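Novice: Here it is, the structure, as structure tokens.
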Amino acid sequence: MMSKFKARALFLCALVALSAWFGAAVAEAAPLPAPTEKPILTISGKIKVTNKGDTAEFDRPMLEAMGLETFTTTTPWYSEPTKFEGIPIAKILDRLGASGEHLMVIALNDYSSDIPVADVRKYKVLFALKVNGEYISVRDKGPIFIIYPFDSDPDLQHQTYYGRSVWQVSKIVVK
């Protein structure tokens, strides 16, 4: 037989779990505002939250409002360890209620790469907006550069992951 204390503790745990789930469901369903500046990223595909037809458009302030994170890593494109600042891709996928397993990433020059959603969750991959504290220009791989924290895991220092680090990102299709 369960004591009153254990029963209450179980009830409270269940209540907390239910509240967290419900809160996440409400946050996921919250409308996405329209961009007030020129959009720099369009996400479509298997998403639940949109702001323009069946797509989600983001301008830079919208992305930054989601919370910027930073890491420093070495890359094949810069001669020394470089500080990247941006939004974890998983955070954006969660905000949009994305349900796909792959991201088809398309650059301004139509280069594309397939990125497993498992990657962005496991490695905390960023949509980098800044390099060494400066916004990334289109001329220098911007406005968005997908970057892995290459120094965090030796497995990431491989051509597979370098090829997934798309720069000049403009569109994502969640598949």
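Novice: Determine whether the stretch 106-125 contains at least one residue that is open to solvent by less than 40 Å² (accessible area, probe 1.4 Å), charged (D, E, K, R) and modelled with pLDDT of 95 or more.
Specialist: yes
Novice: Let me ask another. For residue 97, which of the numbered conditions (1) under 26 Å from residue 33 (Cβ atoms); (2) open to solvent by 40 Å² or more (accessible area, probe 1.4 Å); (3) not basic (Lys, Arg) fails to hold?
Specialist: Every condition holds for residue 97 apart from (2).
Novice: Among all residue pairs at least 6 apart or on different chains, which show Cβ distances below 9 Å where the first residue, located in the stretch 53-71, is farther than 13 Å from residue 34 by Cβ and open to solvent by 50 Å² or more (accessible area, probe 1.4 Å) and the second is of a type outside the set (Phe, Trp, Tyr) and part of a helix (DSSP H, G or I)?
Specialist: Filtered contacts from the stretch 53-71: 69/91.
Novice: Can you find, within the stretch 34-57, the residue that is farthest from residue 107 (Cα to Cα) among those that are out of contact with any Pro (no Cβ under 6 Å at 6 or more places or on another chain) and assigned to a strand (DSSP E or B)?
Specialist: Let us first name the residues in the stretch 34-57 that are out of contact with any Pro (no Cβ under 6 Å at 6 or more places or on another chain), namely 34-39, 41-56.
With the extra rule that they be assigned to a strand (DSSP E or B), the set shrinks to 41-45, 52, 55-56.
Details: 41: 10, 42: 11, 43: 12, 44: 14, 45: 16, 52: 20, 55: 17, 56: 17 Å.
So, considering only residues that are out of contact with any Pro (no Cβ under 6 Å at 6 or more places or on another chain) and assigned to a strand (DSSP E or B), the one farthest from residue 107 (Cα to Cα) is 52.
Novice: Of the residues 151, 114, 119, 155, only one is touching a His at 6+ places or on another chain (Cβ under 7 Å) and outside any loop (DSSP other than H, G, I, E, B); which? Reasoning before the result, please.
Specialist: Numbers: 151 fails: touching a His at 6+ places or on another chain (Cβ under 7 Å); 119 fails: touching a His at 6+ places or on another chain (Cβ under 7 Å); 155 fails: touching a His at 6+ places or on another chain (Cβ under 7 Å).
The conditions single out 114.
The values are calculated or read from the model by the stated rules, or taken from the named source; none is laboratory data. Worth saying up front: this structure is predicted, and the values here are computed from it rather than measured. Quick reminder, even Gly has a Cβ in these numbers, built from the backbone with ideal geometry, and neighbours come from all protein chains shown. Only protein heavy atoms, including side chains, enter the accessible area calculation; ligands, DNA and RNA are left aside. Shrake-Rupley method; radii C 1.70, N 1.55, O 1.52, S 1.80 Å.
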